[in-house]
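*Asks:* First, the structure itself, so that you have it in front of you.
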Amino acid sequence: MKRAFLGEFEEIVLLTVAGLGEQAYGVTITQTIEVKAGRAVGFSSVHTTLQRLAEKGYLTSHMGGATAERGGRRKRFFSLTALGQQVILEVRRVREQLWNAIPPQTWHLSGG
Amino acid sequence: METPPRWATWLLTTFSHPDTQEEVEGDMLELYAHWFQTIGRRRANWRYGLNALRLLRPRARFRAHADSSHSLLRPAMIRNYLTVARRQLWRNRVFTLLNVVGLSIGLCTSWIIYRIVSYELAFDQHIPAKEQIYRVVTHFKPGSFMPTSPGLPVPLLAAIPKQVPGIEHAVPIRTQWNESVYVPQPAGKPERFRANDQLVATNPDYFERIPYQWLAGHQRRALEEPNQVVLTQARAARYFPRLSPQQVLGRRLIYFDTLSVQVVGVVANPTRPSSLGAQEFLSLATVSARDPNRDQWDNINSADQLFVWLTPQANPARLAEQINRLAAVHSSGVRLKNGQRERWHLLQPLADVHFDTEYADSSHPVDKAVLYKLMGLAAFILLLAIINYINLTTALTPGRAREIGIRRTLGSRSGAIIGQFLGETVLVTLLALGLSFALAPLFFTQFGDWVPAGAEQYLDWSSASLFVIGLLVSVSLLAGLYPGWLATRSQTIGTLKGAPLETAHPLLRGLTLRKGLIVFQFGLAQVFIVCAWLLGQQLRYALHKDMGFERQAVVVALLPINNQTPPEQIGKRVALRQAINQLPGVALVSLGSLPANQSISRSELSLPRDSGEVTLGVQFKFVDSNYIHLYKLPILAGRNLQPTDTMRDFVLNETAVRRLGFKRPQDAIGKQLSTGTVSYPIVGVVRDFQTNSVRHAIEPLALISYQYHASYISIRLAAGRPDDWASTLANIGNLWRRFYPDEPFNSLFYDESVQAFYEQERALSRIINLATGIAVLISCLGLFGLAMLTSQQRTREIGVRKVLGASVSSILLLLSSEFIKLVLLAILLGSPIAWYLMEQWLADFVYKIDVDWWVFMLTGLLALLVALLTVSYQSLRAALANPVDSLRNE
């Protein structure tokens, strides 16, 4: 299988979408990243990243129903595709393998 | 509810991708509300705007678009377009050539007319504060010989700036007539230069107001003293070919035969045309001192003009009234009598000076309407050429149906196909443009006299290149869009299956549009052919008409005017006449104005009668007693003039006698005619003869014996021996040089001088002939295209007809008859228009040809013949084709 490449920010967005479940749309994703990651992110970068992930096939989206707020405009909700889930699992597996490879004394050296 | 910055919202709605627009707007709105509460309005606005801007990035918008389509402008596609275009143009090289030639004719016409029009419109545009400048002009009461003059009496030139308030600057421009300029040489005789036009006298203000680039000398000090002259670089180089402008400074020239003048400045040749322009500028004081008119308040010459710069508050009408009051002090003609004046002055804005033909002078003003007509003509011919291109290109489109079909099957959009056609059109237009730039100089050399002097030299590069680019773009668009659009309408599947070509082009089946175009083109061609024919006929008529005097074997030459007293002048001329008359081969010699001449002197004569005085405006001809014999003017009553040098009697023509109120010529003999100061008797009456071109009716005329004003010498060569004429003329030339060593003997046969008489008509005739050629050529190109298309479309039909036994001639008739019908219709439509136009033109002539019906028949036949020749190639090819070839496809 071709190894998927995921940028750092893409990974964060993908994880956030997964974490938000049914409530993942532009605003919640942006705010969650701001709160959880503690960094200011532009909505525009979140938007383009969502577009890119959708093109890569990791995300799918559907329009929600009309709302009374935000001038009656609908929301686009994102959710992970099977491929998307596979990709974050893969990323996680690689990371864990790498974590596990770190010798325990490293922490003592750096922490000491 | 808080509203985010409107501009940012506008950016979002206008530029965001339609697929994501709704949720992006919604999300942004929600975020804005959140920011507004957490970080305040200012920072919320800031973030909102920033995000909106960043969403503009091309990625956000064009991404989806670019990925889902085939780019029109990928390098590979461009290469493909070019290859296809090149192959296409080469495969149909005959058509390409026709298209290039056709378009280049249109482009060349436009280019030449652009050059002329831009030159004329550039007049005086470079002069600073041009809105403030006016020319003081003169009007005369209705019915005067001369209704207007751009000139003023000489003393008024100086008086106006001194005595009329509201004038900031005044520049008199006095055009000078000077036969020769002499350049003193260190050793030997001064060198002589002839034909020195464009010489004016003006004041130092001239160079303050009119921008010139000074190559030598100082603008501030120029022309303040008498006997100073400023030259343009061209004139400086003419008189002092080996000297630089700096070296020319301080050199002397001799004007008016005796006046030594110093060069105080050299200016660069003016690059922009101006009504105030000249080549040599004398200081005003130089001519004022020797001017016989300096105190003449009533003598008006168009050469003495005054330009004034008004103060911004000044009112031109009020100022003109003040000028009139000033002039009235000195001349009674300007005084108000019963609320009327015989003469008055007006202010003419500089913007009108070059375009108001009412005040004709040597600067050749041009009517703006003429310029607009020229532009119309250019647009018209260009349109014809474009129509032709469209016609020919659409004729080829069925042949390309397969290419277009394949392109479409492979996913080409309509835009790409139109682009392909446009690209080919641009290529053809570029080729045509190149050809027209090669043709244009040819036109300028062939028709130079028709182009205003200076237009060929004048070129404003920036606007000219804009014009050429604009022309290229608009012609390409106009000519390329329609064929491209038509190509996209073809039915792809049908053409690929090999269906008959006609069905691929539903729009071509009717052919009505193209037939209409052909009728239009040929109608126009018919108009031109008729006009050219009638023009030529009238011109021949004018040249060969019996003018009422014998002009065979008559040689004429202009007599020089020297600064001699009248008796000296007359003595020399009479001696010359005598000497030439004694040469072998010369029958008779006479001094006198030419019988028919455009330079005319007129005066009033009055006759006392019982019922009071009869006054008549009469044309004068100053002649000698040989004149009537030489030109064989039949004397109807009385006798010839007395052989004297000075005025002693009158010979009138029939018209003059009739207008004076005599019933028979004999009745006038012996009556005294008064010029106002002196009276002389009428001694003879001659038959009417033509004294002007055939545009004019014969006027009352008086022949007077006064050789000082005789401008020409006429020599009748002995008849019957044309072979000896050359040697006789050589002898006359030798004799002439003994009398006038410095003057060339420029003789010409009278017939040639009559030709010069109709220079304007001849120029028009040449232009019309050229336009006829263009119109016929373009029409034939169009017809050729249509013939080709029709024969292609009917290949199968012809094949079937031949198989069933049709003869070649019957098929030829079948194919040609359709075109003959079109051309006949065009002739029917074009003829009345041509008739109307020519009636208008001929109305200017007093003596003219009759417009006969057979002219229309003949020219129509001519057009038909040309049309038949054009279609015959295609028709013949179709008729001769082997039916096996055309039917094999079934």
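Okay, residues lined up against (1) in the same structural domain as B:V586 (by TED's automatic domain parsing); (2) within 30 Å of B:A553 (Cβ to Cβ); (3) touching a residue at least 12 places away in the same chain (Cβ under 8 Å):
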{"residue": "B:G612", "(1), (2), (3)": "yes, no, no"}
{"residue": "B:L616", "(1), (2), (3)": "yes, no, yes"}
{"residue": "B:V623", "(1), (2), (3)": "yes, yes, yes"}
{"residue": "B:N626", "(1), (2), (3)": "yes, yes, yes"}
{"residue": "B:H629", "(1), (2), (3)": "yes, yes, yes"}
{"residue": "B:I635", "(1), (2), (3)": "yes, yes, yes"}
{"residue": "B:T655", "(1), (2), (3)": "yes, yes, yes"}
{"residue": "B:R664", "(1), (2), (3)": "yes, no, yes"}
{"residue": "B:A668", "(1), (2), (3)": "yes, no, yes"}
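*Asks:* Please determine whether any residue of the stretch B:598-621 is outside any strand (DSSP E or B), crowded, with 21+ Cβ neighbours inside 10 Å and at pLDDT 85 or above.
*Replies:* No, the conditions are met nowhere in the stretch B:598-621.
*Asks:* Name every residue in the stretch B:736-748 that is surrounded by fewer than 15 Cβ atoms within 10 Å (Cβ to Cβ) and in a helix (DSSP H, G or I), in order of residue number.
*Replies:* Matches in the stretch B:736-748: B:R737, B:R738.
*Asks:* Which of the residues spanning the stretch B:590-624 are among the small types (G, A, S), within 18 Å of B:Y750 (Cβ to Cβ) and out of contact with any helix residue (DSSP H, G or I) (no Cβ under 8 Å at 6 or more places or on another chain)?
*Replies:* B:S593, B:S599
*Asks:* For the subset of the stretch A:24-54 comprising residues that are basic (K, R) and more than 9 Å from every other protein chain (Cβ to nearest Cβ), which member is nearest to the chain's Cα centre (by Cα)?
*Replies:* Result: A:K36.
*Asks:* Quick one: is A:T60 polar (S, T, N, Q) and in a loop (DSSP other than H, G, I, E, B)?
*Replies:* no
*Asks:* Answer with yes or no whether B:S462 is at pLDDT 80 or above and exposed (fewer than 14 other Cβ atoms within 10 Å of the Cβ).
*Replies:* yes
*Asks:* Also: With respect to B:D291, is the statement that it is acidic (D, E) and surrounded by 14 or more Cβ atoms within 10 Å (Cβ to Cβ) true?
*Replies:* Against the criterion (acidic (D, E) and surrounded by 14 or more Cβ atoms within 10 Å (Cβ to Cβ)), B:D291 qualifies.
*Asks:* Consider B:R577 carefully, then state whether it is basic (K, R), under 30 Å from B:P741 (Cα atoms) and either outside the structural domain of B:K663 (by TED's automatic domain parsing) or touching an Asp or Glu at 6+ places or on another chain (Cβ under 6 Å) (or both).
*Replies:* It is false that B:R577 is basic (K, R), under 30 Å from B:P741 (Cα atoms) and either outside the structural domain of B:K663 (by TED's automatic domain parsing) or touching an Asp or Glu at 6+ places or on another chain (Cβ under 6 Å) (or both).
*Asks:* Assuming B:L887 fulfils every condition listed in (1) under 30 Å from B:I768 (Cα atoms); (2) more than 35 Å from the chain's Cα centre (by Cα) apart from one, which condition is it?
*Replies:* For B:L887, the failing item is (1).
*Asks:* Among (1) closer than 14 Å to B:V24 by Cα; (2) in contact with a strand residue (DSSP E or B) (Cβ under 9 Å, 6 or more places away or on another chain), where does A:I88 come up short?
*Replies:* Of the numbered conditions (1) closer than 14 Å to B:V24 by Cα; (2) in contact with a strand residue (DSSP E or B) (Cβ under 9 Å, 6 or more places away or on another chain), the odd one out for A:I88 is (1).
*Asks:* Please go through the stretch B:232-282 and pick out each residue that is without any contact (Cβ under 8 Å) to a residue 60 or more places away in the chain, over 20 Å from B:H218 (Cα atoms) and within 34 Å of the chain's Cα centre (by Cα).
*Replies:* B:R238, B:Y239, B:P241
*Asks:* Next up: Looking at B:R42, is it at the interface with another protein chain (Cβ under 9 Å from one of its Cβ atoms), charged (D, E, K, R) and surrounded by fewer than 18 Cβ atoms within 10 Å (Cβ to Cβ)?
*Replies:* No: the conditions fail for B:R42.
*Asks:* Name every residue in the stretch B:713-728 that is surrounded by fewer than 19 Cβ atoms within 10 Å (Cβ to Cβ) and either of a type outside the set (D, E, K, R) or assigned to a loop (DSSP other than H, G, I, E, B) (or both), in order of residue number.
*Replies:* B:A718, B:A719, B:G720, B:R721, B:P722, B:W725, B:A726, B:S727 - these are the residues of the stretch B:713-728 that are surrounded by fewer than 19 Cβ atoms within 10 Å (Cβ to Cβ) and either of a type outside the set (D, E, K, R) or assigned to a loop (DSSP other than H, G, I, E, B) (or both).
For every residue, the table says whether it meets (1) away from every other protein chain (no Cβ under 12 Å); (2) in a helix (DSSP H, G or I).
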{"site": "A:G71", "(1), (2)": "no, yes"}
{"site": "A:F78", "(1), (2)": "no, no"}
{"site": "A:Q86", "(1), (2)": "yes, yes"}
{"site": "A:V91", "(1), (2)": "yes, yes"}
{"site": "A:V94", "(1), (2)": "yes, yes"}
{"site": "A:W99", "(1), (2)": "yes, yes"}
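*Asks:* Shifting gears a bit: Select from the stretch B:110-131 the residues that are part of a helix (DSSP H, G or I) and either surrounded by fewer than 18 Cβ atoms within 10 Å (Cβ to Cβ) or at positive phi (or both) and list them in ascending order.
*Replies:* Matches in the stretch B:110-131: B:S118, B:L121, B:K130, B:E131.
*Asks:* In the stretch B:6-37, which residues are under 60 Å from the mean Cα position of the chain (by Cα), away from chain A (no Cβ under 11 Å) and modelled with pLDDT of 80 or more?
*Replies:* If the condition is that a residue be under 60 Å from the mean Cα position of the chain (by Cα), away from chain A (no Cβ under 11 Å) and modelled with pLDDT of 80 or more, then B:R6, B:W7, B:A8, B:W10, B:L11 are the ones that fit.
*Asks:* Return the total of residues in the stretch A:24-53 being exposed (fewer than 14 other Cβ atoms within 10 Å of the Cβ) and either within 21 Å of A:L89 (Cα to Cα) or touching a residue at least 60 places away in the same chain (Cβ under 8 Å) (or both).
*Replies:* 2
The values are calculated or read from the model by the stated rules, or taken from the named source; none is laboratory data. Keep in mind the model is a prediction, meaning the values are calculated, not measured. Cβ: placed from backbone, ideal geometry, glycine included. Neighbour counts: every protein chain shown.
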